[in-house]
Protein chains: 2
Amino acid sequence: MGWGDLGAFGEPSKETPNLDQMAAEGMLFLDFYTANPLCSPSRAALLTGRLPVRNGFYTTNGHARNAYTPQDIVGGIPDSELLLPELLKKAGYTNKIIGKWHLGHRPQFHPLKHGFDEWFGSPNCHFGPYDNRERPNIPVYRDWEMVGRYYEDFKIDLKTGEANLTQLYLQEALDFISKQQASQKPFFLYWAIDATHAPVYASKQFLGTSQRGLYGDAVREIDDSVGKILKHLQQLGISENTFVFFTSDNGAALISAPRQGGSNGPFLCGKQTTFEGGMREPAIAWWPGHIPAGGVSHQLGNVMDLFSTSLSLAGLQPPSDRQIDGIDLLPVILQGKLIDRPIFYYRGNELMAVRAGLYKAHYWTWSNSWEEHSKGIDFCPGQSVAGVTTHTQEEHTHLPLLFHLGRDPGEKYPLSFASEEYQRALEHISGLVQQHKATLVPGQPQLNVCDQAVMNWSPPGCEKLGKCLKAPESAPQKCSWPH
Amino acid sequence: MGWGDLGAFGEPSKETPNLDQMAAEGMLFLDFYTANPLCSPSRAALLTGRLPVRNGFYTTNGHARNAYTPQDIVGGIPDSELLLPELLKKAGYTNKIIGKWHLGHRPQFHPLKHGFDEWFGSPNCHFGPYDNRERPNIPVYRDWEMVGRYYEDFKIDLKTGEANLTQLYLQEALDFISKQQASQKPFFLYWAIDATHAPVYASKQFLGTSQRGLYGDAVREIDDSVGKILKHLQQLGISENTFVFFTSDNGAALISAPRQGGSNGPFLCGKQTTFEGGMREPAIAWWPGHIPAGGVSHQLGNVMDLFSTSLSLAGLQPPSDRQIDGIDLLPVILQGKLIDRPIFYYRGNELMAVRAGLYKAHYWTWSNSWEEHSKGIDFCPGQSVAGVTTHTQEEHTHLPLLFHLGRDPGEKYPLSFASEEYQRALEHISGLVQQHKATLVPGQPQLNVCDQAVMNWSPPGCEKLGKCLKAPESAPQKCSWPH
C-alpha cells in the first residue's frame with residue numbers, strides 16, 4: 001500500500017472512512033518511512049528495530065539489489081536477532097502474528113521460534129497457483145503446522161480477484177483480542193495481512209465496490225477490517241489500554257498498475273525504488289485517551305520505531321548489546337515533540353539516499369535496468385526525471401543530488417550544486433552519513449542463496465493433510481535479483 | 001492553486017488548517033473542475049455560468065490555443081453576457097469584487113458596468129514591474145477609479161517575495177462583510193485574490209513560515225485569510241445565513257515549480273493543459289447549519305455551477321434566453337444527491353476531452369509544442385506518458401483515448417480500444433458530445449486582437465494621482481498564443 005492510498009492522504013476516491021476516522025481520533029504521520037522498498041527486509045526491520053543491512057535481510061549478489069524471501073530462499077531471520085515478541089514475552093505479553101511472516105520459511109525461522117506464541121498465516125506471498133511439481137503452493141500455518149495451501153484449501157480466484165483471506169485474518173484478530181481480554185493478559189498482535197499485494201484479491205462483499213477497481217476493493221476491505229478491530233477494542237473496553245499503529249511495508253507497486261497498483265500520491269516512483277514513492281508510507285497512531293485527537297506529526301518516523309516504541313510502552317529497555325535503529329516515538333506521540341534523526345534508504349547493502357530534515361541526498365540513483373525496463377517492467381510509470389530516475393546505476397557519492405522535500409516532494413528539481421543551500425545541507429548530511437558508516441557492522445547476508453530443495457514441499461503437518469510433496473535434489477545457487 | 005495544495009487534499013506538508021477545518025465543517029468536492037485551464041476564461045465562466053466558447057473568452061488565432069486577458073487585449077466580457085452580480089441585484093444583493101477581475105480592462109468591461117457595486121483590485125495579473133514606457137504597470141482600482149499601480153503604490157518585492165496584497169484584500173473583505181451586516185442587506189462577495197499566481201508573494205508575517213517555500217507561504221496566507229473570513233461571519237452571527245465556496249481557477253502552474261509552483265496531487269500535468277492536473281480543483285462548500293459537517297461529494301462539479309447555485313440560493317431563475325452550462329448544486333450539497341452531467345475540457349474552441357462518470361475521453365492531446373518545450377517551458381515536469389503528454393497536437397477524434405479516472409487518476413493507462421469497457425464508455429460519451437456540439441453556438445471570440453494602445457496607460461482617476469501615461473499609437477494585431 002502506498003502513501004497516497006488513504007483518503008486522509010489525498011486519494012481522490014476517498015474510500016477509507018475507517019482509517020480516516022482512525023487518523024481523526026489519533027495522530028497522522030506524514031513523514032513516516034519503511035526501512036526498505038521491499039517487503040521481507042521491511043518486516044524484518046520492524047520486528048528487530050534494525051536496518052536490514054544489520055539484521056541480514058539483504059543480498060550482496062549484485063550491487064544495490066533488492067531482495068526478499070521467495071520460497072526457494074535458504075536464509076531467514078538469524079537466531080542472533082532479538083525480535084520484538086521475544087522481548088515482550090519478558091513483560092508477560094502473549095504474541096500473535098496473523099498473515100505474512102516473510103522472515104524465512106525453513107524450520108529454524110518459524111515465527112514461534114522467534115517469540116510469537118500463535119500464528120495464522122503463511123510464510124511467503126500468496127503467489128501462485130503452482131503445479132506442486134516445479135513449485136509447491138504456499139502453505140498456510142496455524143501455529144506450528146500447516147493447515148492447507150493457497151489456491152487449494154484457501155481459494156484465490158485470479159480471474160475474479162475473489163478471496164476471503166482478509167476476512168479470515170480479521171476474524172482471527174477479533175478472536176485473539178477477545179481471548180486475551182478474557183484472560184486479562186497483555187498482548188501484541190502483529191496483523192501482517194498481505195492484501196493489496198499482487199495478485200490482488202478481495203472478498204465477495206467488497207468486489208466491485210470501489211471506484212478504483214480491484215485494488216480499491218482490497219483497500220476498502222482493509223479499511224473496513226481496521227474499523228472493526230478498533231471497534232472491537234472499544235466494545236471490550238480496552239481501547240484506552242491498547243496502542244494501535246497502522247502502516248505499510250513499502251510503497252505501492254506501480255508495476256502492477258492500473259488494475260493492481262496503488263497510489264504513492266505526489267511522490268516519485270514506487271516499490272523497489274529509494275525515491276519517496278518507494279519508501280514513504282501512510283501511518284496512523286491510535287490510542288484514545290492518550291493521543292490527542294486530530295494530531296498531525298512531521299516527525300521522520302520509520303517502521304523500526306515500532307520496535308522501540310512498543311518496548312517503551314511495555315516498560316522494557318531495548319537490547320544494549322547491539323545497534324538499534326528505531327527510536328521511541330512516545331514523546332512525539334504523547335507530547336508532540338520532534339526528534340532530530342535521519343532516514344536511510346538502502347538497496348542491498350548500498351546506502352542509496354539519506355533524508356535529514358527536509359533535505360534528501362541521493363548517493364546513488366537507479367530505478368531499474370534498461371534490460372528489465374525494455375521488458376515493460378517500470379517502477380516509475382509516466383514519470384521520468386532526467387538524471388534521477390536513471391536506468392543505469394548512477395553514482396553521485398562525490399556530488400550527491402540534493403532535494404528539498406518541502407518545496408519539491410516529487411524529487412524533480414535537484415538543488416544547484418553551487419548554491420549555499422546545497423553546501424549547508426550537504427555538510428550536515430555528510431556528517432550523518434560518516435557517523436552512520438563508521439559504526440555500521442553489516443550482518444551476514446541472508447538473501448544470497450536460493451535452492452529449489454528448500455521450497456515449501458513438506459511443511460510440518462503435511463502428513464495429516466496428505467499434502468507432503470517430494471522435494472527435488474538440493475541445487476544451491478546464487479539467487480537472481482534483477483532490481 | 002492546484003487540487004493537491006491543501007492538506008485536506010493530501011499535500012504532504014499539511015499546512016492549511018483553516019481550509020481543512022472548513023472542509024471538516026462543510027462539504028469537500030473531490031471531482032470539481034474549472035471551465036478552462038487558464039485564469040480569464042475560467043473566471044468569465046464562473047460569473048456567466050457559461051463555457052468560455054459561449055461567452056467569448058477564447059481565441060481562434062490558432063488551433064486549440066489557451067488565451068487570457070493580458071493588458072494589450074482588446075476584447076473583454078461582452079455586454080450581451082449576463083453576469084451573476086447583475087442578476088443578484090434583482091434580489092437586492094450588494095455585490096463586491098475584491099482582487100483580480102480579468103474580464104477585460106477597457107472602459108466598457110469595467111466590473112461596475114457588469115453588476116458589481118464595489119471593486120478593490122486590479123483588472124490584470126500583477127506581472128511587472130514595467131517601465132511605464134513600453135508597458136505601464138498594472139493599476140489597482142477602488143470602484144470606478146484607479147488608486148495606484150502595482151510595484152509603485154502597491155509594493156511587490158520580487159527578490160524577497162514580500163507583498164501585503166492578500167492582507168489588503170482580506171481587510172477589504174472583512175470591512176465589506178461588516179458594512180453589509182450593519183445595513184442588513186444581502187451581499188455577494190467575489191473574493192478573487194490573485195495570490196499563488198506567479199510572481200508569488202506573501203506578507204512579511206508569512207514569509208519563511210512554510211515547509212514549501214515561498215509558494216507555501218502564499219498558500220498559508222490564503223488559508224489564514226479564509227479562516228479569518230469564516231470566523232468573522234460567525235462572530236457577526238451570519239454564518240448560518242451565508243453560503244461560502246472555496247475553489248481555484250486553474251490547476252497549479254507547474255512551470256513555476258519548484259519555487260513558485262504548487263501541487264496537482266496525483267494528477268497529470270498542470271495549468272495550460274486539459275489533463276486532470278490542469279483543470280481539477282480543490283473545492284469546499286461551507287454553510288453551517290445547512291451543510292452536514294464532514295460531507296464528501298463525488299459530484300462532477302464546475303466553477304460554472306457557482307453561478308446557478310448562487311442564483312438558486314437567492315431565489316432567482318437562471319436566464320432562459322441562452323444556454324447555461326452550470327447546474328444548481330444545492331440538491332448535492334444539502335441532500336447528498338448526485339447529478340449526472342459531463343465535464344467539457346476546452347482549449348480555445350476545440351473540445352479536447354470530455355468526462356462522464358469515471359470515464360474521460362481525450363479527442364485531442366497536447367501539452368505544448370516542441371518549440372516551446374525546447375525553451376524549457378514544461379507543463380508536465382517529470383511526467384511523460386507516451387502518446388498522451390504529446391508535444392504535437394494529436395487528434396484522436398475517431399478513436400479517442402479513454403481513461404478510467406477511478407483506477408487511473410493519473411491518466412497513464414488508456415483503455416484498450418478492443419475492450420468491451422471501451423466500447424460501452426465511448427458510446428455513452430459520444431452521445432453526450434454529439435448533443436453538446438449540436439446545440440453549441442460559439443460566442444464572438446474576444447481574445448483574438450491585441451493592441452499596445454489599449455494597455456493601462458491612463459485608467460480613470462489617473463489625473464488625480466498624476467499617473468496618466470501617454471499611449472502609443474494603435475497597432476492592432478493578432479495576439480500570439482503559443483500554447
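The values are calculated or read from the model by the stated rules, or taken from the named source; none is laboratory data. Remember, predicted model here, so these are calculated numbers, not experimental data. No Cβ is skipped: glycine too gets one built from the backbone with ideal geometry, and neighbour counts run over all protein chains shown. The protein model used for the area step is the full one, side chains on, heavy atoms only, and it has no ligands, DNA or RNA in it. Shrake-Rupley method; radii C 1.70, N 1.55, O 1.52, S 1.80 Å.
For this structure, a couple of remarks:
- Gyration tensor verdict on region A:335-473 (Cα atoms; rounded if a/c is under 1.5, prolate if a/b is larger than b/c, oblate otherwise): prolate
- Estimated at the nearest 10 Å², the accessible area of B:ARG424 is 140 Å² with a 1.4 Å probe.
- Among B:440-453, A:433-446, the peptide with the highest mean count of other Cβ atoms within 10 Å heads the list, and the full ranking is B:440-453, A:433-446.
- For region B:7-340, size of Cβ-based charge dipole, Lys and Arg +1, Asp and Glu -1, in debye: 280
- Sequence ranges B:14-21, A:1-8, ranked by mean other-Cβ count within 10 angstrom, highest first: A:1-8, B:14-21
- With label points set 7 Å from Cα along Cα→Cβ, the inter-copy distances at B:HIS373 are 1.7 nm, sorted shortest first.
- Percentage relative contact order, region A:20-162, counting C-alpha pairs under 8 Å, at least six apart: 15
- Near A:TYR150, the amide H atoms lying under 5 Å from its own belong to A:ILE138, A:VAL140; only residues 5 or more places off or on other chains count, and H is placed 1.01 Å from N.
- Calculated accessible area for region B:347-439 comes out at 44 Å² per residue, all protein chains present (probe 1.4 Å; ligands, DNA, RNA ignored).
- Shape call, region B:136-181: gyration tensor on alpha carbons, a/c limit 1.5: oblate
- Of all chain A residues, the one whose C-beta is nearest the axis that brings A onto B, in angstrom: A:GLY10, 1
- Neighbouring Cβ atoms from other chains, within 10 Å of the Cβ of residues in B:310-321, number 0 on average.
- Each other copy holds its own label point for B:LYS464; taking that point as 7 Å from Cα along Cα to Cβ, the gaps run 9.4 nm, nearest first.
- Long-range amide H partners of B:ASN132 with built H, under 5 Å: B:ASN137
- What the Cβ-Cβ distance of A:GLU463 and A:LYS155 gives, at R0 = 22 Å and to the nearest 0.05, is a FRET efficiency of 0.45.
- Contact with the other protein chains removes 40 Å² or more of accessible area, compared with the isolated chain and a 1.4 Å probe, from these residues of region A:228-274: A:PRO258, A:PRO266.
- Those Cys residues of chain A for which no other cysteine Cβ falls under 4.7 Å: A:CYS39, A:CYS125
- Dipole magnitude for the protein assembly as shown: computed about the Cα centre from +1 point charges on Lys and Arg Cβ and -1 point charges on Asp and Glu Cβ, it is near 240 debye.
- The mean sequence distance of close C-alpha pairs (under 8 Å, at least 6 residues apart), as a share of the length of region A:7-340, puts its relative contact order at 26 percent.
- Protein accessible surface hidden between A and B, which excludes ligands and nucleic acids, total in Å², probe 1.4 Å: 2700
- Straight-distance candidates among the lysines for linking to B:LYS185, with alpha-carbon spacing under 16 Å and chain neighbours fewer than 8 residues away dropped: B:LYS89, B:LYS90, B:LYS96.
- Model label sites at B:LEU316 and B:GLU240, defined 7 Å from Cα along the beta-carbon direction, differ in position by 2.7 nm.
- Karplus-derived 3J(HN,Hα) values for region B:440-446, using 6.51 cos²θ - 1.76 cosθ + 1.60 with θ = phi - 60°, are 7, 10, x, x, 5, x, 9 Hz; glycine and proline are entered as x.
- Amide H to amide H distances under 5 Å link A:VAL296 with A:LEU28, where only residues 5 or more positions off or on other chains count and H is placed in the peptide plane.
- Per-residue mean of foreign Cβ neighbours for A:393-406 is 1 (Cβ atoms of other chains, 10 Å radius).
- Take each residue of peptide A:10-21, count the partner chain Cβ atoms within 10 Å of its Cβ, and average: the result is 5.
- Extending 7 Å from the Cα toward the beta-carbon at both A:LEU440 and B:SER369 defines two label points whose distance is 5.0 nm.
- Report summary: the helix-based calculation at 222 nm, which adds -39500 (n - 2.57) for every DSSP H run with n ≥ 4 and divides by the residues of chain B, gives -7000 deg cm²/dmol.
- Length added when fully stretched, B:ALA386-B:SER480, from 0.36 nm per residue minus Cα-Cα: 31.0 nm
- Structure note, pairs A:LYS412/B:LYS228; B:LYS100/B:LYS375; A:LYS113/A:LYS179; A:LYS375/B:LYS360; A:LYS337/B:LYS204: Cα-Cα distances above 24 angstrom occur for A:LYS412/B:LYS228; B:LYS100/B:LYS375; A:LYS375/B:LYS360; A:LYS337/B:LYS204.
- Prolate/oblate/rounded label for region B:7-340 (Cα gyration tensor, a/c 1.5): rounded
- For the protein assembly as shown, the alpha carbon convex hull comes to 162 Å³ per residue, rounded to a whole number.
- Formal net charge of residues neighbouring B:PRO445 (Cβ-Cβ distance under 15 Å; K, R +1; D, E -1): +3
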